[in-house]
1. Please list, ordered by first then second residue, the pairs with beta carbon atoms under 6 Å, 6 or more apart or interchain, first in the stretch 70-85 and under 10 Å from Glu112 (Cα atoms), second at pLDDT 95 or above and not in a helix (DSSP H, G or I).
2. Mind listing just one residue for me: the one in the stretch 1-30 that is of a type in the set (Lys, Arg) and under 30 Å from Phe162 (Cβ atoms) and, of those, modelled with the lowest pLDDT?
3. Starting from residues that are among the aromatic types (Phe, Trp, Tyr) and closer than 22 Å to Trp159 by Cα, keep the ones in the stretch 229-248 and report whichever is surrounded by the most Cβ atoms within 10 Å (Cβ to Cβ).
4. Just to check your reading of the model, which residue among Gln177, Gln202 is in the same structural domain as Gly18 (by TED's automatic domain parsing) and buried (at least 18 other Cβ atoms within 10 Å of the Cβ)?
5. Quick check on this structure: which one of Asp293, Asp276, Asp251 is among the acidic types (Asp, Glu), over 30 Å from Leu60 (Cα atoms) and surrounded by fewer than 12 Cβ atoms within 10 Å (Cβ to Cβ)?
6. If you take the residues in the stretch 70-86 that are assigned to a helix (DSSP H, G or I) and not acidic (Asp, Glu), which one is surrounded by the fewest Cβ atoms within 10 Å (Cβ to Cβ)?
7. Scanning the stretch 240-274 for residues that are at pLDDT below 95 and among the hydroxyl-bearing types (Ser, Thr, Tyr), which turns out nearest to the chain's Cα centre (by Cα)?
8. If a residue has to be of a type in the set (D, E, K, R) and in contact (Cβ under 8 Å) with a residue 40 or more places away in the chain to count, how many in the stretch 178-230 make the cut?
Amino acid sequence: MKEFLMRHAASVIGILFGFDRLLFRGTLRAMSAREIMMKYLWANQVLLKDFGKHAEGVSLRIKEAAYSKVEAEGRPTQYLESPTIRKEAEARKIAARDKISKGLIALLSCVEPCYSYRVVPNSETKRLELRFEQRRCLHLYRYMIHPVFGFMHVRLQTWFPFQIQVCINGREWLARQMDHEGLAYIRRENCFTRIENIERAQALFERQLQAAWPSLLNGLAKEIHPLHPQIFKAFPQQYYGTVCQSEYATDVMFKSRAEGVRLIHRVNRNSIKLYDKQAQVLRVETTVNNPADFKA
């Protein structure tokens, strides 16, 4: 790396490194265990034969609360017929159409795969039992321009156990930080080709690592799932956050650079790649889509 930078010192105008895309998963960890789910039902006096009706009622309340909150904010909702439709593109289209520069953009919804519970008869015991398995249910996507993170979204699974995902972008966040400090920069899509004070920008980037993640993520969860305290009043549960996907990138900014090829080394769903962006940036990007591969 040092040898490379020395060789191109006359053309390099700065180096910036930090997170790109970050995907957090919020789970009610205990609720993924059948035994704990049975305790929830006991605490709420719900019989197994009535679980379907109870689950449908809770799901309906969650959706009504989410839609009511969006309606109160005067923003649109949109159902997407297929999970393959690019939700980010739809949200950006709505933001451009309505000239949204802050706050809620829209609430998108789509039926997608999930893991949830259903009650089935056990042929051996001749009794009903809960099973945790892959199903399909409605997911809600709350797209917004957040005061801290900028353009981002939160996703809520509307069936038990109500998993939440929060997707932010470190460079989008950095742009907000530099705007706050009045630092001039040129941004093209998701990279910076020029920054007034790179040393200060890097210090701001590193400050992201010190974020108060529990309070930030819990605040975002409340935006899309305000009924959580009510639903789990008799059996309190808190979301546990993990980073399930991440991208960490080092950008070497050049005065100018010819577009080149992309080099990539992949191990299963994780990779490291080297490629050019915007004819000025050489990016080294580490993408982790399956953290379980690093389990020791």
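1. Final answer for the pair search is Pro83/Cys110; Pro83/Glu112.
2. Step one: of the stretch 1-30, the residues of a type in the set (Lys, Arg) are 2, 7, 21, 25, 29.
Cutting the leftovers down to under 30 Å from Phe162 (Cβ atoms) gives us 21, 25, 29.
On the way: Arg21: 96, Arg25: 96, Arg29: 90.
The extreme case among them is Arg29.
3. Of the stretch 229-248, the ones among the aromatic types (Phe, Trp, Tyr) are 232, 235, 239-240, 248.
Narrowing further to those that are closer than 22 Å to Trp159 by Cα: 232, 235, 239-240.
Numbers: Phe232: 17, Phe235: 16, Tyr239: 19, Tyr240: 13.
Result: Tyr239.
4. Gln177
5. Within the list Asp293, Asp276, Asp251, the selection yields Asp293.
6. Ala72
7. Result: Thr242.
8. Of the residues in the stretch 178-230, the ones of a type in the set (D, E, K, R) are 179, 181, 187-189, 194, 196, 199-200, 206-207, 222-223.
Those still in the list that are in contact (Cβ under 8 Å) with a residue 40 or more places away in the chain too: 188-189, 194, 206, 223.
Total satisfying the criteria: 5.
The values are calculated or read from the model by the stated rules, or taken from the named source; none is laboratory data. A quick note: this is a predicted structure, and the numbers were derived from the prediction, not measured. Using ideal geometry, Cβ is built from the backbone for each residue, glycine included, and neighbour counts are taken over all protein chains shown.
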